[in-house]
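**Student:** Sharing a structure with you now.
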Amino acid sequence: MKNIIETKDLTIAFGGHVAVDQVNFTVPPNHFKSIIGPNGAGKTTFFNLLSGQLSPTNGQVFLRGEDITKLSPTARTRKGIGRSFQITNVFPNLTVLENVRLAVQSVAGVRYQMFTHFRKYRKFEEKAIHILSLVLLDNKADAIAKNLAHGEKRKLEIAMLLALETEVLLLDEPTAGMSLEEVPAILEVIKKIKGEGNRTIILIEHKMDMILGLSDSVMVLFNGRLLADGTPEEIMDNETVQSAYLGGLYDDSAS
């Protein structure tokens, strides 16, 4: 089976500092892979290389075997890679449902018409409602987007990615900034998306215990290098990984 995402010797240097160092990474379709590592391990920089926000110094990124290293973030989104929390087409003064419906329409190539009767958009609305139920926002469908709580805005951002029919979801610390009460809900959303079985999820998380139960496999980055890659059980039993998290190997100069 061809990997949906693959990197070969992916490297980026900022001046004399190598932030991501020759990382070889593979993810099969419909797989849940978590990327963990101490603060400064290079996780977000690696995500920026996958999504196209940064261009590598060396190495390549492949999507379904196609070299996409030189493609822009927008072009990668069109090909099926969606990164959370960088959605630019959210309308703060429209309802949650209207935002997701517009994203569904954009995929179908139908532009928003202010004075067109709503019944014309029924099929798009039905799909949007299904997506909102997936992200546990169906009870907020009529809420104005700008009035959502922080955790609810995160759910809406994920809903927008789903509406754009992205095959690969890049979720960068989806629980960051959330209250303890909000965390279980976002984990439930991720679990529901995984349960659909039709998307590849790649998730960055600093808190290792939070995602081990969800992950099919876990990659550990440390000082920009691939430290370990395996099942959650293998990672938990890996003494080198344990040393990195306990601080014995940690280098505060990493980024």
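Here is a yes/no grid of residues against (1) assigned to a loop (DSSP other than H, G, I, E, B); (2) at pLDDT 95 or above; (3) under 16 Å from the mean Cα position of the chain (by Cα):
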position	(1), (2), (3)
I12	no, yes, no
V23	no, yes, no
K70	yes, yes, no
N99	no, no, no
A103	no, no, no
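**Student:** Give all pairs with beta carbons closer than 7 Å in which a residue from the stretch 233-246 that is more than 14 Å from P38 (Cβ to Cβ) and open to solvent by 50 Å² or more (accessible area, probe 1.4 Å) meets a residue that is aromatic (F, W, Y) and not in a helix (DSSP H, G or I); count only pairs at least 6 apart in sequence or on separate chains.
**Tutor:** No pair meets every condition.
**Student:** How do the pairs read when you match residues in the stretch 191-203 that are on the phi < 0 side of the Ramachandran plot with residues anywhere that are polar (S, T, N, Q) and in a strand (DSSP E or B), using Cβ under 6 Å and keeping only pairs 6 or more apart or on different chains?
**Tutor:** Qualifying pairs under 6 Å: L203/S34.
The values are calculated or read from the model by the stated rules, or taken from the named source; none is laboratory data. Everything numeric here is computed off the predicted structure, so don't read it as measured data. Counting neighbours? That spans all protein chains shown, and the Cβs are built from the backbone with ideal geometry, glycine included. For accessibility, only protein heavy atoms count, side chains too; no ligands or nucleic acids. Shrake-Rupley method; radii C 1.70, N 1.55, O 1.52, S 1.80 Å.
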